[in-house]
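Heads up: the structure comes next, in structure tokens.
The values are calculated or read from the model by the stated rules, or taken from the named source; none is laboratory data. For clarity, every value in this text was computed on a predicted model and none was experimentally measured. In this analysis, Cβ positions are derived from the backbone assuming ideal geometry, glycine residues included, and neighbour counts consider all displayed protein chains. These accessible areas exclude ligands, DNA and RNA; they are computed on the full protein's heavy atoms, side chains included. Shrake-Rupley method; radii C 1.70, N 1.55, O 1.52, S 1.80 Å.
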Amino acid sequence: DGRGGVAVETGVVGYVPVDYATAYYNRTTPDWELKYPTHNAASDGWSGWWPDPIAPTNVCELAANETGAVWINFKTDGGTAPGVYRGRIVWREAGRIVRTDDYAVMVWNFALPAVAEIPAVYDLRMGARWADDVKGLSADERRRLFLKFYSEKRICPDSVNASVRFARDAEGRVTADFAEYDRLATEYFEEFKFPVSYTPGTFYCFGWGMPPKAFLGEEPYEGKWPFEGADRSQLRPAYRKAYQDALRLYWNHVKAKGWDKKIVLYISDEPHFSVKAVKDQMIALCRMIHEVDPAIRVYSSTWRHCPEWNDSLDVWGVGHYGAFPVAEMKARAAAGKHIWFTTDGQMCLDTPYCAVERLLPHYSIAYDAEAYEFWGATWLTYDPWQYGWHSYIRQSDTPGKFYSVRYPDGDGYLMYPGVPGRFKGPVSSVRLEAARDGVEDFSYLKALRRLAASADGRAARAKALLADFAALVTIPNPGGRYSSRILPEPERLRRTSP
């Protein structure tokens, strides 16, 4: 019942069941065999009912002796006059008023930037579980629905959702059709103003312990996959030429469009750098890319540091819990490299305080990380309203070796599909709202840094506040699945304020 220029959005928090506390549960049993967790959890959660989805409704159904939660968002913009705004929450049952609660909202005399100041990258993956929710929408309508939602929550998709059509003519020359990419990239960068995008998936080279994938029909090494015994440091000339010709076309094109400073080439996910062949192929692939243009920023979510790649990778995806030493992070930055935090498996449903979602921007500003990325905001295996855990999926991270894995509860999604006949998605969650709060915290912290460096009489207070905030985010730490350990006193974050 908001008044006076402050928009009010109400929601009802839903509770979803968790059967086993979070961990990566791996099984190597036959496909037909029923799979279930058999080892200890790797989080501070427990089995039971957990709050997460925030249904966009003002109707709450409660059974006797049950409690529930209502979520209220207050929204302003740069045109909202500063001051105290008051309103009233009215509770009705069968049309009869049973309770009223007054509230007051303070609007300050400054505005946060319209565009988020830190790229909080959450992959946008549209699987079958979203089909019913977006039924009847065209591909363009569906994409814009999610881009708008991402923008409202101040997070960034992983990439322009379009490929470039590369082909080779009869003489072997690489050609490219940029029409679809340009249309969607213009929307992505210029309309929604997202700060970063990975290159099209065409240029992604390998994951884990795998050899590089073929490119335009050219294999990376002589022989047959998985190229056992091949010298991984020496790429086939035909492969190098095909990849470089395509990348050169793409890179020159995005430079002409003015998008190149926002684009990062994601080369590999979690590469197994303990394996010499993987070390060798990363160096060779990065050299191939940088021969096209040294300005192309090559990113890999390494989590840890591999010294042999110091001159190869431009953007290091490091684990915020201490797997990558802080001293080495500073050394890479001093050498002109870039630091991002990579966060797979950290934002699980069943950890009490959602600390990592809120604090990742705090870690970023305290340790000079330029961005952070999470592998999915929309990846679903079951209906998340019914099951707070994932199905086992079959995967392979090394040639010829397969296993089944159940990812952490809630991993890969912070958005829920709509409920047919009640409301449409995407639907926010407690975790997503914490993530958005963290992105906005980043702007507050940047403003504090500017104040602390100024001649303003409040500079000393700003410095003290920055020290208080920095004390919340120490490295090493137990990691995001143990939010009650990395933020044992959650009220401390709220109390640490100007």
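Data table
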item: Dimensionless Rg over Rh [the stretch 450-498; C-alpha; Kirkwood]; result: 1.10
item: Relative contact order %, the stretch 89-166, counting alpha carbon pairs below 8 Å whose residues are six or more apart; result: 30 percent
item: For the stretch 170-213, radius of gyration divided by Kirkwood radius, i.e. Rg to Rh on alpha-carbons; result: 1.12
item: Stokes-Einstein D for the stretch 137-250, Kirkwood Rh over Cα pairs, 10 °C, 1.306 mPa s (µm²/s); result: 97 µm²/s
item: Which of Ala471, Phe215, Tyr403, positive extreme of dipole for the chain (C-beta unit charges); result: Ala471
item: Net charge dipole size for the chain [Lys, Arg +1 and Asp, Glu -1 on Cβ; Debye, nearest 20]; result: 780 debye
item: Extent along principal axes [Cα atoms of the stretch 1-151; Å; largest to smallest]; result: 63, 44, 36
item: Peptides ranked, highest mean first, by Cβ atoms within 10 Å: ranges 408-418, 69-79, 467-477; result: 408-418, 467-477, 69-79
item: Alpha carbon centroid spacing (whole Å) that separates the stretch 241-311 from the stretch 112-141; result: 26 Å
item: Cα centroid separation - the stretch 86-111 against the stretch 17-34, whole Å; result: 45 Å
item: Average accessible area per residue (Å²) across the stretch 190-297 - probe 1.4 Å, nucleic acids and ligands excluded; result: 44 Å²
item: The stretch 1-45 residues near the modelled Arg86 label - backbone nitrogen below 19 Å, point 7 Å along Cα→Cβ; result: 1-8
item: Residue-wise HN-Hα coupling along the stretch 7-19, computed from phi with Karplus coefficients 6.51, -1.76, 1.60 (Hz; x: Gly, Pro); result: 6, 10, 10, 10, x, 10, 6, x, 10, 10, x, 10, 8
item: For the stretch 40-85 versus the stretch 216-236, the gap between their alpha-carbon centres in whole angstrom; result: 52 Å
item: Amide H contacts under 5 Å for Val115, placed H, 5+ residues apart; result: none
item: Phi-based couplings in Hz for the stretch 57-63 (Karplus 6.51, -1.76, 1.60; Gly and Pro marked x); result: 8, 10, 10, 10, 9, 10, 7
item: Amide proton proximity set for Val264, modelled H, under 5 Å, gap of 5+; result: Ser197, Tyr198, Thr199
item: Probe 1.4 Å, accessible area per residue of the stretch 383-498, Å²; result: 46 Å²
item: Beta bridges per DSSP with both ends in the chain, % antiparallel, nearest 5; result: 65 percent
item: Net length gained if the chain between Ala94 and Asp397 were fully extended (0.36 nm per residue, minus Cα distance); result: 103.5 nm
item: Evaluated at q = 0.09, 0.10, 0.15 Å⁻¹: base-10 log I(q)/I(0), Debye formula over Cα of the stretch 173-302; result: -0.27, -0.34, -0.73
item: Under-5 Å amide H pairs with Ser429, H placed in peptide plane, nonlocal only; result: Ile54
item: Diffusion coefficient, µm² s⁻¹, Stokes-Einstein with Kirkwood Rh over alpha-carbon pairs of the stretch 112-176 at 25 °C and 0.890 mPa s; result: 168 µm²/s
item: With every protein chain in place, the chain: carbon and sulfur % of accessible area (1.4 Å); result: 51 percent
item: Angle in degrees between helix 355-366 and the longest Cα principal axis of the chain, rounded to the nearest 10; result: 60 degrees
